[in-house]
Each structure stands twice: as structure tokens, then as C-alpha cells.
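The values are calculated or read from the model by the stated rules, or taken from the named source; none is laboratory data. Small disclaimer: the values here were computed from a predicted structure and weren't measured. Cβ sites come from the backbone with ideal geometry, for glycine too, and all protein chains shown count toward neighbours. Each accessible area value is taken on the protein alone, full model and side chains, heavy atoms only, with ligands, DNA and RNA left out. Shrake-Rupley method; radii C 1.70, N 1.55, O 1.52, S 1.80 Å.
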Amino acid sequence: MENRVIIGGQWGDEGKGKIVDALSRDVDWVLRYQGGANAGHTIHIGQEKHVLHLIPSGILHEGVRCLLGGGMVIDPWSLRDEILALEQRGHEVRDRLHISATATLLMPYHKRLDELRETRLKRKSIGTTGRGIGPAYLDKIQRTGLRMGDLLMPTENLERKAIEKILSANEILSEFYDAEPLPARVLAEELVVLAQFVAPMVVNPYDVLRPVREGTETALFEGAQGTMLDIDHGTFPFVTSSNSTIGGALTGTGLPPRVLGDINGIFKAYCTRVGNGPFPSELLGEKGDALRDAGGEYGATTGRARRCGWFDLVSARYAVDINGMTGVIITKLDVLDDMAAIQVATAYELDEDEITTYPVLSEALPRCRPVYREFAGWEKPTVDCRRLIDLPAAARKYLEFLERELGTLIVGVSVGRDREQMIWTETGVTT
Ligand code: IMP
């Protein structure tokens with residue numbers, strides 16, 4: 001198998017974890033390149049359910065090596081818990097998990113600052129996951145943060161440096177937010193213990209990824225969140241703080257563009273968003289509730305109810321274009337199985353005009369109203385379909401329409417949560 005990048009095409013939660021899991025059995029590496037424990041990838045294997053936040057889902061395949069790339073912000077407390085939980089279920093992790101020394105270390109004060117900032121913003125809050133992501137990236141960008149490589153420092157130096165950082169965060173906590181300071185010495189001591197746990201996994205990514213660079217080993221790049229949450233290209237300011245689009249795969253691993261291979265966008269057959277911010281094709285009230293119930297749309301990280309709506313072609317085309325997607329995978333088609341009719345937003349109405357190009361100015365998007373095209377539902381189960389011809393004709397028609405409008409092949413369709421519930425089609429869905 002050649003290299004491949006998996007990118008969320010919407011607002012995250014597109015089902016990337018399942019796709020990465022399905023595709024990673026044949027690769028040498030799975031590389032995560034951005035974000036942190038804000039991500040929540042759920043994978044179902046038989047009766048077992050795994051929810052992973054930091055560790056790529058590829059870890060569930062024996063022999064696959066995983067890297068937490070330099071573009072990530074890593075909370076070592078969460079990382080330890082995740083490793084121990086996997087080990088308790090019999091998965092061997094520590095020999096196959098590598099952590100880039102250049103990744104940013106996410107500390108408990110980042111989480112606290114995230115919560116306090118959100119509370120202060122009140123109705124203007126972003127609706128973050130509360131995992132400290134924004135404050136940790138802020139520390140990186142303003143060049144004050146610790147990095148995972150710092151965990152390799154001699155103990156006294158690490159402890160001293162950590163205390164320094166916690167005390168300076170405490171100044172912000174008490175002076176700006178009037179909040180309790182964090183116990184600097186206790187946390188620094190905990191960090192020293194965690195450092196011993198994590199240090200054997202910390203690597204120089206330039207070294208370990210040499211075979212990928214040279215083409216003797218293969219890699220799957222696992223994106224977290226989605227295109228519309230990208231810090232530069234998403235619905236700013238209601239976004240996350242990293243590049244969840246294609247550029248993040250390069251900066252977050254240090255690999256050159258020529259190794260990327262196929263770029264696959266993952267899209268749900270409808271659309272969801274968790275947190276605040278514009279969502280033109282959102283369904284409010286009972287219709288939204290029905291879709292949420294059918295799709296089990298509750299966040300894997302925070303348990304929050306996701307906002308639900310119809311497939312949005314305007315933002316999806318934008319996602320295909322800016323990432324250079326070479327193929328897309330549609331997930332959760334089965335969630336639409338009982339719907340009598342299905343809508344797709346094909347354009348937006350903006351100030352009397354009808355537009356089909358995604359408006360980049362954040363003040364415009366909340367004023368956009370969706371223009372829908374309606375499709376007949378298929379009202380038949382698709383969960384046992386494994387080939388395109390097994391799908392009801394109306395479902396194929398819906399997929400063919402999406403393929404034509406997205407301008408790129410649909411190479412996979414997921415019809416259930418299990419690994420095996422997939423239809424793969426290298427030549428697209430249009431016959
Ligand atoms: P943060 O990444 O926790 O700062 O949250 C910023 C925004 O991104 C919020 O709207 C979150 O709900 C959203 N977000 C962050 N991670 C995910 C994810 O993995 N799936 C879906 N939404 C996410």
C-alpha cells in the first residue's frame with residue numbers, strides 16, 4: 001500500500017478513527033500530526049469499544065508503529081492513562097509508540113486556562129473541549145512552552161523548569177482570572193515521574209521517519225478534527241488551534257510533500273458540529289434530534305450532544321479543493337436508512353445572492369442560508385451491504401450525486417460502526 005493521508009472534511013467526528021483502523025493494517029507507520037486529547041476516535045472491534053484521544057488507532061494492529069508528531073500538544077497525564085488502559089486490555093503499546101521530541105507538552109495549567117477563558121467569554125465562548133488545546137498552542141507560538149524532548153532533561157533541571165512555568169501560569173491564574181494557583185511543587189514532582197514513564201518513547205522524528213522519507217516504509221497520516229476547524233482555513237474564531245488541513249501533515253511530521261501519496265477526505269453522509277460557531281445546514285428542533293438519535297451523535301471526548309444537519313456541499317467542495325483530496329470516503333450512510341427524504345445543501349443564499357463558493361469571511365457565514373436539493377430516501381437497511389450493487393438504488397443515486405458535485409471519486413462507503421462494515425471502490429460510485 002502506498003502512503004495516504006486521512007483528513008476530516010467537515011467539523012470533525014467524521015469517523016476517521018474507523019477508517020484509519022481499517023487502512024492501517026497494511027502500513028508500517030501511523031502518524032498523528034496535530035491536535036491533542038481534544039480528539040476522540042472510537043473504534044469498535046467485536047464487542048470491544050476503544051476510545052482513543054492521543055494515540056493513533058493504528059496501535060490496535062500488531063506490528064504497526066505509531067508516532068505522535070511534533071505538531072501535536074501532548075498531555076502526559078492523559079497519555080499515560082491511555083497507554084495503561086490499552087495495556088490492560090492486552091495491547092502491547094510501548095515498543096511501538098513513538099513520541100516526537102518536538103511536540104509541545106500540555107500542562108495542567110493549560111487546561112485550567114482553557115476552562116477559565118471559556119467561562120469568561122460566556123455567550124461568545126468557542127465551546128472548546130476543555131483539554132487545554134488553545135493555551136498550549138499559544139505557549140508554542142509565543143515560544144515559551146515545554147516540549148516532549150524536555151522530559152529527557154536531568155530530573156533536577158526538569159523539576160526546576162516545570163516549577164518556573166507553573167509559577168508563571170499561576171500569576172495569570174490569580175491576577176487575571178482571580179483563580180486559585182496550582183500546586184507547583186506537587187505537579188512538578190508528578191511530571192518528573194511521568195517523564196520516566198514517557199522518556200523511552202521520545203524520539204527524534206527526523207531519524208525514525210528516515211525510512212518513510214526514503215520510501216522503504218509506508219505511512220498513514222491520521223488527521224484529527226476536520227477542515228472546517230482548521231485554525232487558518234476553518235470557521236475562525238470557532239476553530240481549534242492547529243492545522244487540521246493538509247499543511248499540518250507536513251509541518252506536524254517534518255516529512256516532505258512528495259511522500260504524502262493519496263489524500264483521502266472523510267465526510268459523514270450528513271453533517272455534525274460540536275461546539276459553537278456557524279453551521280449553515282444545521283437542523284434545529286425535532287429533525288435535528290432525530291438525526292442525532294439515529295447517528296448516536298454524542299462527543300467521544302466530552303459526551304456533548306452534537307449539532308446535526310444535512311450534507312453541506314459548499315463547505316465540502318471547499319474542503320476537497322484546499323486539501324487537494326484525491327478521493328473521499330463517506331461514513332455513516334446507514335444512519336440515513338430510515339429517512340423518507342434526504343436533503344443536501346448545494347448553495348447558500350447570502351444577501352439576496354446565491355453563492356456556491358465557500359465565503360471565507362467569518363462574518364458572512366452566519367448570514368448564509370442553505371439552498372437544498374431533496375433526494376428520496378431508500379428506507380431499507382444498508383448495514384449488510386459490502387458491494388456497491390448491494391446498495392438500494394436511491395442510496396447509489398445519492399452517492400453518485402455527491403461524487404459528481406465533489407469532483408473527486410468516492411473510494412469508500414461506511415455502513416456501520418464495525419471494521420468490516422465497509423464498501424471499498426477504487427473506481428468510484430458512478431457506474
Ligand atoms: P479545542 O480544540 O478543544 O480548543 O476546541 C475548539 C473547537 O473545536 C470546539 O468547537 C470543539 O468542539 C472543536 N473540536 C475540537 N476537537 C474536536 C474533535 O475531535 N471533534 C469535533 N470537534 C472538535
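Over the C-alpha atoms of region 41-109, the Rg to Rh ratio, Rh being the Kirkwood estimate, stands at 0.96.
Overall, the accessible surface of region 303-431 at a probe of 1.4 angstrom is composed of carbon and sulfur to the extent of 49 percent. Note on region 104-201: with charges restricted to the Cβ of Lys and Arg (+1) and Asp and Glu (-1), its dipole about the Cα centre is near 520 debye.
Which angle from 0 to 90°, rounded to the nearest 10, does the C-alpha axis of helix 393-406 make with the longest principal axis of the chain? For 393-406 against the chain, the angle is about 60 degrees. Considering every alpha-carbon pair of region 89-222, the percent of pairs per 5 Å bin, from zero through the bin containing the longest distance, is 2, 9, 15, 18, 17, 14, 11, 8, 4, 2, 0. Within the set LYS111/LYS332; LYS18/LYS287; LYS111/LYS140; LYS287/LYS332; LYS49/LYS287; LYS268/LYS380, which residue pairs have Cα atoms separated by over 21 Å? In this structure, LYS111/LYS332; LYS18/LYS287; LYS49/LYS287 exceed 21 Å between Cα atoms. Positive-end ranking of LEU86, GLY226, LEU399 along the dipole of the chain, with charges on Cβ about the Cα centre, is headed by LEU86. For region 350-431, the list of GluC sites (Glu not before Pro) that fall in a loop by DSSP and count at most 16 other C-beta atoms within 10 angstrom reads GLU352, GLU363, GLU379, GLU420, GLU426. Using Cβ point charges alone (K and R +1, D and E -1), the dipole size of the chain about the Cα centre works out to roughly 300 debye. Averaged per residue, the chain has 42 square angstrom of accessible surface, using a 1.4 angstrom probe with ligands and nucleic acids left out. The label-point distance for VAL383 and ARG367, in a model that sets each label 7 Å from Cα toward Cβ, rounds to 4.6 nm. Across the options ILE330, THR253, GLY412, the greatest Cα extent toward the positive end of the charge dipole of the chain (unit charges at beta carbon of Lys, Arg, Asp, Glu) belongs to THR253. Available extension along the chain between ALA179 and GLN88 is 29.1 nm, counting 0.36 nm per residue and deducting the alpha carbon span.
Cross-link partners for LYS165 among the aspartates and glutamates, with Cα-Cα distance under 19 Å and sequence neighbours closer than 8 places in the same chain left out: ASP75, ASP114, GLU115, ASP139, ASP150, GLU156, GLU175, ASP178, GLU180, GLU189, GLU190. Of the residues TRP424, VAL212, LEU291, the one whose Cα sits farthest toward the positive end of the charge dipole of the chain, with +1 on the Cβ of Lys and Arg and -1 on the Cβ of Asp and Glu, is VAL212.
Surface listing: ASP418, ASP312, ASP351, ASP139 arranged by accessible area from highest to lowest gives ASP351, ASP418, ASP139, ASP312, probe 1.4 Å.
In loop segments of region 169-256 as defined by DSSP, the GluC sites (Glu not before Pro) with at most 16 further C-beta atoms inside 10 Å of their C-beta are GLU214, GLU217. About the centre of its Cα atoms, region 1-137 shows a dipole size close to 700 debye [charges on the beta carbon of Lys, Arg (+1) and Asp, Glu (-1) only; nearest 20 debye]. Relative to its residue count, the chain spans a Cα convex hull of 138 Å³ per residue. Over all pairs of different C-alpha atoms, region 280-431 has a mean inverse distance whose reciprocal, the Kirkwood radius, equals 16.5 Å. Helical runs (DSSP H, four residues minimum) scored at -39500 (n - 2.57) apiece and divided by the length of the chain put the mean residue ellipticity at 222 nm at -8500 deg cm²/dmol.
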